[in-house]
Amino acid sequence: MIKIFYAIVLILSLVSLIVNKNKTEQAYKIAIQKLLNILPSLLLMVILVSVVLYFTPDKTIVNLLGKNNQFLGVVLGLFFGSITLMPGFIAFPLAGILLEKGVLYMVLSAFTSSLMLVGILTYPIEKDYFGAKVTIMRNSISLVITAIIALATGLAFGELF
Amino acid sequence: MKTKRLIISMIFVVLFSIFVYISHQINFVPGQEISKNALDFLSNIIKVFPGVFILIGLFEVWIKASTIEKHFGKESGIKGYIMAIILASTTIGGLFVSFPVAYSLYHKGAKLSAIFTYISASAVCRVPMTIFEISFIGVKFTLVRFFVSLPLIVISSKLLGDHLEKHNYTLAPGK
């Protein structure tokens, strides 16, 4: 995946270079400048993520999501999904394990959707670009949407009634 | 303001580095695990971010503001949201990749509601992630998620964007 991505980046850069050398130089300068601008918040996010992940290991998540009734499960799913951050290639295999352990689809939905949509750990970066107010509003709305998705999933899989 | 934030971040980074160093010296296991988490996550970011920012740089240099205004701007109507979702489906990484992309789109003339749609849609319908999700949890699960989340995302983004634009909210330049 990442190889295809960088192949695209390389091809576009080369095309840009052939068409206009100055513009390409400028594009790379913009890229470096933007990367440097966000670097402090990025490092802050890395520190936050490393500490939070230590306190919420996969085992804890599997145990807590698997052992509770449906509504508490959804609430815990929303909670862990919101406070943690993990790439899809870790999150979905984990969700697969949870499914095998008999965790409800609606709990998985609460967990994976809030993992992707709600970002408490990405707060430093989001705030840098959009300001604190908008960041808090967007994440609050996302949390509500995630809860609705979880309930709809529960309905679709017959887990609610 | 900006330098103050920079200094705070740097203090955290220095304190964290000292914590990691001491943890390794005295074999403090939680500290070692935390530093391993940090390295894992950092290496994930280092893989993705340079490419993302090069694309953003090329985007800023080559794409005309009028093009973005036409497809994502205030006059784009429903098409703006559809374009935002299509663009979102091609995004890689996570939320933290879509923030800088959305920010650049905005400064090229995209409306606020379109960039909020883009950010949230990139969280739920990135193509590579979706393929992964289907293979581990199943296609019905993913379809429910799509059909429920996308309308809600568009509606809430429109409400939030319109509300902010009514209050003359603008994003600070220079990030």
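The values are calculated or read from the model by the stated rules, or taken from the named source; none is laboratory data. All values derive from a computational prediction rather than experimental measurement. Neighbour counts run over all protein chains shown; Cβ positions are idealised from the backbone, glycine included.
Residue-by-condition table, conditions (1) buried (at least 21 other Cβ atoms within 10 Å of the Cβ); (2) in contact with a Gly (Cβ under 7 Å, 6 or more places away or on another chain); (3) modelled with pLDDT of 95 or more; (4) not hydrophobic (A, V, I, L, M, F, W, C):
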residue: B:77; (1), (2), (3), (4): no, no, no, yes
residue: B:119; (1), (2), (3), (4): yes, no, yes, no
residue: B:124; (1), (2), (3), (4): yes, no, no, no
residue: B:131; (1), (2), (3), (4): no, no, no, no
residue: B:148; (1), (2), (3), (4): yes, no, yes, no
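Here residue A:64 meets each of (1) buried (at least 18 other Cβ atoms within 10 Å of the Cβ); (2) farther than 18 Å from residue B:121 by Cβ; (3) among the hydrophobic types (A, V, I, L, M, F, W, C) with one exception, condition (1). Counting only helices (runs of 4 or more DSSP H) that fall entirely inside segment B:58-175 and contain at least 1 residues that are more than 11 Å from chain A (Cβ to nearest Cβ) and in contact with a Cys (Cβ under 6 Å, 6 or more places away or on another chain), the qualifying elements are B:77-89. Restricting segment A:57-89 to residues that are charged (D, E, K, R) and at pLDDT 85 or above leaves a set whose member that is nearest to residue A:146 (Cα to Cα) is A:58.
Against the numbered list (1) more than 7 Å from chain A (Cβ to nearest Cβ); (2) part of a helix (DSSP H, G or I), residue B:27 comes up short only at (2).
Contact annotation: residue pairs with Cβ atoms under 9 Å, 6 or more positions apart or on different chains, pairing a residue in segment A:25-51 that is over 26 Å from residue A:84 (Cα atoms) and among the hydroxyl-bearing types (Ser, Thr, Tyr) with a partner that is in a helix (DSSP H, G or I) and at pLDDT 95 or above, are A:28/A:13; A:28/B:54; A:28/B:57; A:28/B:58.
Of the residues that make up segment B:45-52, is at least one of a type in the set (A, V, I, L, M, F, W, C), over 23 Å from residue A:33 (Cβ atoms) and either in contact with a helix residue (DSSP H, G or I) (Cβ under 8 Å, 6 or more places away or on another chain) or touching a residue at least 24 places away in the same chain (Cβ under 8 Å) (or both)? No, segment B:45-52 contains no residue that is of a type in the set (A, V, I, L, M, F, W, C), over 23 Å from residue A:33 (Cβ atoms) and either in contact with a helix residue (DSSP H, G or I) (Cβ under 8 Å, 6 or more places away or on another chain) or touching a residue at least 24 places away in the same chain (Cβ under 8 Å) (or both).
Of the residues making up segment B:8-24, those that are at the interface with another protein chain (Cβ under 8 Å from one of its Cβ atoms) and closer than 17 Å to residue A:54 by Cβ are B:12, B:16.
Can you pull out every residue in segment A:52-61 that is without any contact (Cβ under 8 Å) to a residue 40 or more places away in the chain and either out of contact with any helix residue (DSSP H, G or I) (no Cβ under 7 Å at 6 or more places or on another chain) or more than 7 Å from chain B (Cβ to nearest Cβ) (or both)? Before you say what the answer is, go through the steps one by one.
In the first step, residues of segment A:52-61 are kept if they are without any contact (Cβ under 8 Å) to a residue 40 or more places away in the chain; the result is A:53-60.
Passing the criteria: A:55, A:56, A:57, A:58, A:59, A:60.
Checked against (1) under 12 Å from residue A:50 (Cα atoms); (2) exposed (fewer than 14 other Cβ atoms within 10 Å of the Cβ); (3) not aromatic (Phe, Trp, Tyr), residue B:40 meets all criteria but (2).
Take residue B:59 and decide whether it is surrounded by 20 or more Cβ atoms within 10 Å (Cβ to Cβ) and aromatic (Phe, Trp, Tyr).
Values: surrounded by 20 or more Cβ atoms within 10 Å (Cβ to Cβ): no; aromatic (Phe, Trp, Tyr): yes.
So residue B:59 fails the test.
Note on segment A:90-115: among residues that are in contact with a Gly (Cβ under 6 Å, 6 or more places away or on another chain) and of a type outside the set (A, V, I, L, M, F, W, C), the one that is modelled with the highest pLDDT is A:114.
Yes/no matrix, rows are residues, columns are (1) more than 7 Å from chain B (Cβ to nearest Cβ); (2) within 30 Å of residue A:39 (Cα to Cα):
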residue	(1), (2)
A:108	no, no
A:116	no, yes
A:120	yes, yes
A:126	no, yes
A:136	yes, yes
A:140	yes, yes
A:143	yes, yes
A:156	no, no
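All conditions in (1) in a helix (DSSP H, G or I); (2) at pLDDT 95 or above hold for residue B:11, with the sole exception of (2). Taken together, A:103, A:49, A:75, A:107 contain a single residue that is farther than 19 Å from residue B:140 by Cα, out of contact with any strand residue (DSSP E or B) (no Cβ under 7 Å at 6 or more places or on another chain), not aromatic (Phe, Trp, Tyr) and not assigned by TED's automatic domain parsing to the domain that holds residue A:1, which is A:75.
Name the residues in segment B:106-117 that are closer than 11 Å to residue A:129 by Cβ and buried (at least 24 other Cβ atoms within 10 Å of the Cβ), would you? Write out each step before concluding.
Taking segment B:106-117 and keeping what is closer than 11 Å to residue A:129 by Cβ, we get B:106-107, B:115.
The one that is closer than 11 Å to residue A:129 by Cβ and buried (at least 24 other Cβ atoms within 10 Å of the Cβ): B:115.
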